[in-house]
Amino acid sequence: MTELPDFRAVVSLVPQKREFFVLYSRAARNTVAIAQALLELLEEFPRGEGLLRDIKDLEHEGDRLTREVVDLLNRTFVTPFDRDDMYELASALDDICDHIDEAAGNIAGYGVTEIRPFAKEQAQVILRSTQRLSEAVERVDGFKNADRQLNELRDLEDEGDRLNREAVSQLFKTETDALVVIRWKDIHEQLEEAVDACENAADVLEAILVKNR
């Protein structure tokens, strides 16, 4: 009797490219959504308990999407590009959500009474950075050139550095309450960490595009 091939084994060897790219796209759009929620939180403060919950939910969504990528990697024999790069990209996108969630948590937990203008400017830079990054992630499918988006993102990172320096400098010059200085310095630096996380994701993405051209 002729033994039939195990079609399940054959299917498991087929690269599941579309599913990976869909997950990366969703993860990148999730960073835009959480950055938008952060900006709205700062603009509407002290109102915004619902936005705090939204930010936490979006951070959990980032975790979930990362787990989906890792699970799919473990179930896929042939991947669309290097496995380590795929894991690193998923982690880099998740890190952005983590930093935004931590910044929002600090704002809520530190008992601040009003939002400093520099913090709102930093949040705007974070949002624009995630938007450029999301555009670049969409170009991984087909390994299309994303130089414009990545260059704009690096310019935004420079702007983020400048804002953080100016924010901390002004804080020390104008604020006499040491506790307020400590709290806001931490918040400003956490917001800057979110911008840096966007740049790190851009570096990972650029390496992937260069390797696969």
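Take the residues in segment 136-178 that are β-branched (V, I, T) and within 22 Å of the chain's Cα centre (by Cα), then tell me which one is surrounded by the most Cβ atoms within 10 Å (Cβ to Cβ).
Within segment 136-178, the match that is surrounded by the most Cβ atoms within 10 Å (Cβ to Cβ) is V137.
What pairs come up if the first residue lies in segment 27-40 and is without any contact (Cβ under 8 Å) to a residue 12 or more places away in the chain, the second is not small (G, A, S), and their beta carbons are under 7 Å apart, counting only those six or more places apart or on different chains?
Pairs found: E40/L51.
With free of Cβ contacts under 8 Å to residues at least 12 places away in the same chain, open to solvent by less than 70 Å² (accessible area, probe 1.4 Å) and out of contact with any Pro (no Cβ under 8 Å at 6 or more places or on another chain) as the only criterion, which of V195, V125, V181 stands out?
Matching residue, one of V195, V125, V181: V181.
The values are calculated or read from the model by the stated rules, or taken from the named source; none is laboratory data. All values reported here derive from a predicted model rather than from experimental measurement. As a convention, Cβ positions derive from the backbone with ideal geometry for all residues, glycine included, and neighbour counts pool all protein chains shown. In case anyone asks, the SASA skips ligands and DNA or RNA and just uses the protein heavy atoms, side chains included. Shrake-Rupley method; radii C 1.70, N 1.55, O 1.52, S 1.80 Å.
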